[in-house]
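Input: a single structure, listed below in structure tokens.
The values are calculated or read from the model by the stated rules, or taken from the named source; none is laboratory data. For clarity, every value in this text was computed on a predicted model and none was experimentally measured. Glycine gets a Cβ as well: all are built from the backbone with ideal geometry, and neighbour counts include every protein chain shown. Side chains are part of the model used for accessible areas, which takes the heavy atoms of the whole protein and leaves out ligands, DNA and RNA. Shrake-Rupley method; radii C 1.70, N 1.55, O 1.52, S 1.80 Å.
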Amino acid sequence: MKLDLNRAAAKIVAIYLTFGIAWILGSDGVLGMLVHDQQIYADIQSIKGLLYVSLTGLLLYGLIARHMHQAAKLMRLIKDSEASYRSLFIDNPNPMWVHDAQSLQVLEVNRAACLQYGYSREQFLKMPLSNLSAPGGGLVLDNGLVQHRASDGRILDIDWAVQTISFEGRSARLARAIDISSALSAQRELADSQHLLAEAQRIARLGHWRIGLEQCVFSFSDQVWPMLGMAPEADGVRYDRFFWMVHPGDRPALQRAQSSALAGAAPLDVQLRIQCPDGRLIYLHVRGELVYEIGDRPSGLVGSAIDITELKMAESKVIEGERQYRKLVDLMPEGLVLHRGGRFQFCNQAALRLLGVTDMDELSGKNLLDWVSGEARENIRRRFDVIAKGATADPGFIPATFTNGTRQCQVEIASQPVTLAGESAVQSMIRDVTESERVKAALEVANTELHRLSNRVLEVQENERRQIARELHDEIGQALTAIKLHLEWHDRRQTSAPQGSPFSELVDMASRALGQVRDLSRMLRPVQLDQLGLVAALQDHITKLFRNSPILATFDGVEIEPRPDPAIETAAFRIVQEALTNTLKHASATAVTVRLRAEDSWLLLEVRDNGKGFVTNEPTGPSSSLGLIGMRERAVGVGGRLSIESSLIGGTLVQARLPLRH
């Protein structure tokens with residue numbers, strides 16, 4: 001463009017000079033010949049000058065306007081071309097930019113690069129190219145695969161290409177940076193998948209094979225050779241060699257499957273026993289299909305081979321286990337029935353005996369509910385319906401009466417869902433409890449009699465204690481009191497004697513004996529229990545029991561109105577008495593608390609200490625001692641219950657719940 005403008009300027013100057021010289025020389029010559037008056041000649045020269053200026057101005061305008069029009073047209077073409085090239089650059093789908101060859105400063109960048117790297121155009125133009133280099137690596141300027149860093153820190157794998165160009169009068173480079181991270185990741189994933197597939201085939205002992213119909217040579221994958229105990233052979237294995245490795249009993253099956261596959265009737269699918277060269281016998285499950293050349297002509301078979309030796313061994317163990325299980329089921333004392341829709345599918349020997357039959361044929365068309373009568377029949381039918389719907393059923397036993405002809409027996413039936421031959425079924429266990437129910441009833445009668453006897457023994461014991469306590473208090477206590485008073489009278493008479501009174505020691509002995517009798521009478525039957533009630537008796541007992549003990553004893557209770565029955569008060573007092581005695585003798589406690597309260601129609605007792613406890617579930621431990629057994633007997637005997645919680649370091653808690661009325 002610059003050269004064209006120079007040529008146009010030179011052309012205008014040449015035309016202007018030629019016209020000026022021709023005008024001056026030509027006009028002066030004509031005037032010299034035509035005008036001789038100097039004044040007129042001068043005037044004409046002035047007019048000629050004006051005319052010259054006007055004509056040359058018009059001439060210059062015409063020449064310059066023409067060339068300016070051409071220059072403007074050329075400029076428009078240049079701008080259009082630049083806009084096209086710029087659009088190709090800016091809108092190019094490949095990330096591109098132009099950077100200075102020396103400073104590496106980015107001079108221009110397209111939209112794709114901004115989107116790929118996460119920078120705006122303004123950010124790109126203000127930063128050097130080194131900002132794109134990945135951490136730990138320098139900036140690579142040569143063509144090839146490089147790593148760049150995006151604005152968010154992502155590392156991009158870039159297919160990098162650069163070309164030297166001139167940009168705005170300076171040496172620059174045009175760079176193209178295509179992100180191939182996804183492609184490389186896909187390649188890596190493909191390689192990983194192939195590796196995992198090969199590893200999975202190795203673990204699953206699965207391989208593939210191919211055999212051509214013309215050469216009849218097997219080619220095996222890398223996984224098949226170890227299965228066969230053979231080293232890989234480049235030429236493969238001929239069919240006849242493989243055929244003779246097949247167990248003789250399986251060769252006919254292989255030939256039939258092979259003929260069917262070659263005829264296109266069915267894919268090859270056969271399980272074979274293979275005698276390996278290393279002496280092992282393995283099981284292979286071989287599958288295959290015909291492959292075809294162009295057209296309908298088969299070229300060979302291709303398929304898979306999986307080592308199912310372990311599966312076959314497991315199947316044989318399962319078969320043996322099932323045989324043992326059936327034998328065990330038949331030996332079970334409980335009846336076991338498998339049924340679907342109420343119809344019998346399997347019964348063990350015990351179930352057959354309960355049903356009154358000898359084999360399964362006699363149960364054809366019959367329903368298990370046919371043997372059940374009464375309300376239990378409907379309960380069991382609902383249980384079967386719940387299981388049939390796939391809902392969760394109660395696994396517990398349902399008591400029922402089993403009618404077998406003229407014989408009736410008491411049974412318990414429990415049912416649960418099972419899978420039989422791939423379909424849902426019901427497994428019912430039938431337990432004959434006729435004898436156990438009889439024994440249970442007899443045991444309940446015996447227990448009732450035992451409790452009645454125990455209560456009678458305790459009642460007689462309390463009466464005897466009450467009578468002995470009264471006799472100790474009224475007879476022996478009064479006698480000792482009389483002896484003490486008589487001795488004191490003699491002691492006073494002998495006090496003035498020079499040698500002193502010989503009765504002082506006897507008075508002390510009588511006082512001690514009287515105190516022991518009173519304590520013994522109170523322990524046998526505290527008089528407060530009958531006269532003042534349970535609270536007063538417990539308070540008095542706790543005070544006197546721990547008066548010489550370092551144990552801090554606390555009582556928390558109020559009077560209960562109306563008073564509980566005497567039998568309840570007696571049982572409550574004896575339970576607390578035994579618990580406190582155990583604390584004092586065995587617990588090594590520093591504190592004990594007794595709580596008493598009434599709740600609804602119950603009397604609640606609690607004795608808690610912080611001493612050494614014991615293991616409550618040991619059959620020969622403290623929890624089985626006669627004292628604790630007696631506590632439980634007293635609670636049960638009046639219609640209540642007693643619980644004991646104890647640990648070796650956490651103390652002991654005795655709780656009793658007794659009815660207020662007996």
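Side notes on the structure shown:
- FRET E, pair R381, E320, Förster distance 35 Å, beta-carbon r, rounded to 0.05: 0.40
- The range 165-237: C-alpha gyration tensor shape, a/c 1.5 cut-off, then a/b vs b/c: prolate
- Sites F555 and A183 - FRET efficiency at Förster radius 60 Å, r taken between beta-carbons, to 0.05: 0.10
- Solvent-accessible surface (1.4 angstrom probe) belonging to R241, in square angstrom, nearest 10: 100
- Within the accessible area of the range 281-364 (1.4 Å probe), percent carbon and sulfur: 55
- Among the GluC sites (Glu not before Pro) found in the range 228-313, those both in a DSSP coil and sparsely packed, with 16 or fewer other Cβ atoms within 10 Å of their Cβ, are E233, E293.
- Note on the range 263-422: percent of Cα-Cα distances in each 5 Å bin, starting at 0 and stopping at the bin with the largest distance, equals 2, 7, 11, 13, 12, 9, 7, 6, 7, 7, 7, 5, 3, 2, 1, 0, 0.
- Cross-link pairs exceeding 25 Å between alpha carbons, from the set K544/K585; K544/K612; K11/K73; K389/K440: K389/K440.
- In the assembled protein chains, L17 presents an accessible area of approximately 100 Å² (probe radius 1.4 Å).
- Point-charge dipole on Cβ atoms (K/R +1, D/E -1) for the range 532-662, about Cα centre, debye to 20: 260
- Difference of contour (0.36 nm per residue) and Cα-Cα distance, D91 to Q349: 84.2 nm
- Our coupling estimate for the range 366-379, obtained by passing each phi through the Karplus curve with A = 6.51, B = -1.76, C = 1.60 and θ = phi - 60°, is 9, 10, 4, 5, 5, 8, 9, 10, x, 5, 4, 4, 5, 4 Hz, Gly and Pro reported as x.
- Estimated inter-spin distance, A388 and Q275, nm [label 7 Å along Cα→Cβ]: 5.6
- Less than 5 angstrom separates the built amide H of N404 from those of C409, all sequence-distant by 5 or more or on a different chain.
- Ordering 103-109, 361-367 by mean Cβ neighbour count within 10 Å, with the highest value first, yields 103-109, 361-367.
- Solvent-accessible area per residue for the range 94-239 (1.4 angstrom probe, square angstrom): 57
- One decimal place: the segment R340-Q39 gains 93.6 nm when fully extended, by the rule 0.36 nm per residue minus the C-alpha distance.
- The length gained by stretching the chain between L331 and L190 to full extension, at 0.36 nm per residue less their Cα-Cα distance, is 45.0 nm.
- With all protein chains in place and ligands, DNA and RNA left out, the 1.4 Å accessible area ranks S549, S424 as S424, S549, largest first.
- Relative contact order for the range 144-196: 26 percent, from Cα pairs under 8 Å spaced at least 6 residues apart, divided by residue count.
- Near E320, once Lys and Arg are set to +1 and Asp and Glu to -1 for all other residues with Cβ below 13 Å from its Cβ, the sum equals +3.
- In sequence order, calculated HN-Hα J values of the range 348-363 (Karplus, 6.51, -1.76, 1.60; Hz; x Gly/Pro): 7, 5, 5, 5, 4, 5, 5, 7, x, 10, 10, 8, 5, 4, 6, 9
- Largest accessible area first, the residues V445, V418, V337 order themselves as V445, V418, V337 under a 1.4 Å probe with ligands, DNA and RNA left out.
- Remark: the Cα gyration tensor places the range 535-662 in the oblate category, a/c being 1.5 or greater and a/b not exceeding b/c.
- Put simply, the amide H of I308, placed in the peptide plane, has neighbours under 5 Å in Y283, L284, H285, leaving out anything fewer than 5 places away on its chain.
- R326 accessible area, 1.4 Å probe, all protein chains in place, Å² to nearest 10: 120
- Sequence of V636, V237 from largest to smallest accessible area, 1.4 Å probe: V636, V237
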